[in-house]
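*Asks:* Pasting in a structure now, in structure tokens, and then I'll have a few things to ask.
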Amino acid sequence: MKCRTCRGPAIIELPRHNANFCAEHFLQMCRRQVEKAIHDHDMLQKTDRVLVAVSGGKDSLAVWDMLVELGYQADGLYIALGIGEYSEESREYTERFASERNLKLTVVSLRDDYGYDIPTATKVTGRVPCSACGMSKRHLFDKAAVDGGYDVVVTGHNLDDEAAVLFGNALRWDIEYLARQLPVLPSRHGFPKKVKPLIRLTEREMAAWCVIRGIDYIVEECPMAEGNRHIGYKEALNLLEEKSPGTKSSYYLGFLDRMVPVLATIAATGADSVTPCIRCGAPTGGEEGSVCAFCRLVERSAAHEPVSVELVRKKSRSQKRVQAEASKK
Amino acid sequence: MKVILRNPRREIEIDGRRRVHALLVELGLPRESHLVIRNGTLVPGDEELDKDDVIEIRPVISGGF
Ligand code: SF4
Ligand SMILES: [Zn+2]
Ligand SMILES: [Zn+2]
């Protein structure tokens, strides 16, 4: 197997590009895809102050690494979610990444700063963990960006993430979600601008970026991601991809090219009014004088005694897998 | 060869030599959601793995959002 660019020995094959690459030219391909996404969707300016939402996983560390390499002024924000060992380890990876590269990292702890954690919030709300978790993260990233004077928040969502969300939205024909599934959310009503520079790169490519660049990240899945529909959608799309390489990118990038313009009028009608939360001042969709969803979540969760991960977690797929393997022997 | 699987971390022994592709098929692991790593380096699909190799097969799908 030879590299498409230099004909040297390849280390990775990318069927969707019908090409193989050596390490150097694989990295070059990734950088070009990120630059193209940033340029085509007007995501970032070189003078922007950028805040990267980092989780300690491959995607967010890779995008931070790439942006710094490309010359952007990018700081990191990590939120300690209190999901047992998973959170402790992912924090260590994030802190090590930042200190080795002399990058500025801010850590917000749900337990220390707000008196709750994700397992407890999950128990209190009785909904899937990702619901309380996603809401907490969005609120705190927005707040950190506004308080810190950042121009834009970057997240590590990749092509697989976006294709899976698109698949879910299309399965339900959720027109409003479809209309809002954009790689750039402009700043409005006191919310910061948010962008996704990795939409042209797959999960496998992001993991490969980390291996080649020597970035250690948390490989283990979040123990509360179990039962998350998105993983099933990703697996389904990967089956199609395997048979017909390029399916995921033509599905999602074709949506951006051809479907988003059709949906634009619907997206525009959702121009809702917002008022500041009377507790924290964050913009909220409620009426004058209301309390935002985050402040309500904090209030209820902080009043509850701490709940451990094990108590709220369903039997995980990985446990089931190991049990199945053991019973085969 | 020794094969390290992740999520959770565990090890299996495979007898004899194998090409990377063949090993993934044998273990029922889709190429699109895994990387094969030996001594910190990626190993492409057509490479033959030796019986003394120690490799990691790393899943790349993550949940959440
Ligand atoms: S998988 Fe869900 S619970 Fe776990 S970190 Fe991601 S959003 Fe939070
Ligand atoms: Zn090359
Ligand atoms: Zn509030």
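The values are calculated or read from the model by the stated rules, or taken from the named source; none is laboratory data. Everything numeric here is computed off the predicted structure, so don't read it as measured data. Note that we place each Cβ from the backbone using ideal geometry, even for glycine, and neighbour counts take in every protein chain shown. With ligands, DNA and RNA removed, areas are computed over all heavy atoms of the protein, side chains included. Shrake-Rupley method; radii C 1.70, N 1.55, O 1.52, S 1.80 Å.
*Asks:* Can you spot a residue in the stretch A:170-183 that is closer than 26 Å to residue A:301 by Cβ, in contact with a strand residue (DSSP E or B) (Cβ under 8 Å, 6 or more places away or on another chain), surrounded by 15 or more Cβ atoms within 10 Å (Cβ to Cβ) and not hydrophobic (A, V, I, L, M, F, W, C)?
*Replies:* Scanning the stretch A:170-183, I find no residue that is closer than 26 Å to residue A:301 by Cβ, in contact with a strand residue (DSSP E or B) (Cβ under 8 Å, 6 or more places away or on another chain), surrounded by 15 or more Cβ atoms within 10 Å (Cβ to Cβ) and not hydrophobic (A, V, I, L, M, F, W, C), so the answer is no.
*Asks:* Next question. Residues of the stretch A:114-136 being among the hydroxyl-bearing types (Ser, Thr, Tyr) and free of Cβ contacts under 8 Å to residues at least 24 places away in the same chain, which ones?
*Replies:* Within the stretch A:114-136, A:131 is the sole residue that qualifies.
*Asks:* In the set A:131, A:136, which member is surrounded by fewer than 22 Cβ atoms within 10 Å (Cβ to Cβ), within 14 Å of chain B (Cβ to nearest Cβ) and either at pLDDT below 95 or within 16 Å of ligand 3 (Cβ to nearest atom) (or both)?
*Replies:* A:131
Conditions tested, residue by residue: (1) aliphatic (A, V, I, L, M); (2) more than 8 Å from chain B (Cβ to nearest Cβ).
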residue	(1), (2)
A:168	no, yes
A:198	yes, yes
A:202	no, no
A:207	yes, no
A:215	yes, yes
A:221	no, no
A:225	yes, no
A:229	no, yes
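*Asks:* Right, something else. If you scan the stretch A:152-189, which residues turn out to be part of a helix (DSSP H, G or I) and among the hydrophobic types (A, V, I, L, M, F, W, C)?
*Replies:* Correct list: A:159, A:163, A:164, A:165, A:166, A:167, A:170, A:171, A:175, A:178, A:179.
*Asks:* If residue A:162 satisfies all but one of (1) more than 15 Å from ligand 1 (Cβ to nearest atom); (2) away from chain B (no Cβ under 11 Å); (3) under 24 Å from residue A:81 (Cβ atoms), what's the number of the condition it fails?
*Replies:* (2)
*Asks:* Residue A:250 - would you say it is within 14 Å of another protein chain (Cβ to nearest Cβ), away from ligand 1 (no atom under 16 Å from the Cβ) and either over 30 Å from residue A:110 (Cα atoms) or of a type in the set (Phe, Trp, Tyr) (or both)?
*Replies:* No.
*Asks:* For residue A:143, indicate whether it is within 16 Å of ligand 3 (Cβ to nearest atom), open to solvent by 30 Å² or more (accessible area, probe 1.4 Å), away from chain B (no Cβ under 14 Å) and of a type in the set (D, E, K, R).
*Replies:* yes
*Asks:* So, in the stretch B:7-65, how many residues would count as being open to solvent by 40 Å² or more (accessible area, probe 1.4 Å) and more than 10 Å from chain A (Cβ to nearest Cβ)?
*Replies:* So the answer is 19.
*Asks:* If residue A:75 satisfies all but one of (1) within 16 Å of ligand 3 (Cβ to nearest atom); (2) closer than 28 Å to residue A:204 by Cα; (3) charged (D, E, K, R), what's the number of the condition it fails?
*Replies:* Against the list (1) within 16 Å of ligand 3 (Cβ to nearest atom); (2) closer than 28 Å to residue A:204 by Cα; (3) charged (D, E, K, R), residue A:75 comes up short only on (1).
*Asks:* Follow-up question, since we're still on this one. Spot the failing condition for residue A:58; the list is (1) touching a residue at least 60 places away in the same chain (Cβ under 8 Å); (2) within 14 Å of chain B (Cβ to nearest Cβ); (3) within 25 Å of residue A:294 (Cβ to Cβ); (4) out of contact with any His (no Cβ under 9 Å at 6 or more places or on another chain), and only one is missed.
*Replies:* Status for residue A:58: all satisfied but (3).
*Asks:* What single numbered condition from (1) under 30 Å from residue A:243 (Cβ atoms); (2) more than 10 Å from ligand 2 (Cβ to nearest atom); (3) touching a residue at least 60 places away in the same chain (Cβ under 8 Å) fails to hold for residue A:23?
*Replies:* Looking at each condition in turn, residue A:23 falls short on (2).
*Asks:* Another one. Need at least 3 residues that are touching a residue at least 12 places away in the same chain (Cβ under 8 Å) per element, so show me which strands (runs of 3 or more DSSP E) inside chain B make the cut, counting only ones lying wholly within it.
*Replies:* By residue number, B:2-5, B:34-38, B:54-59.
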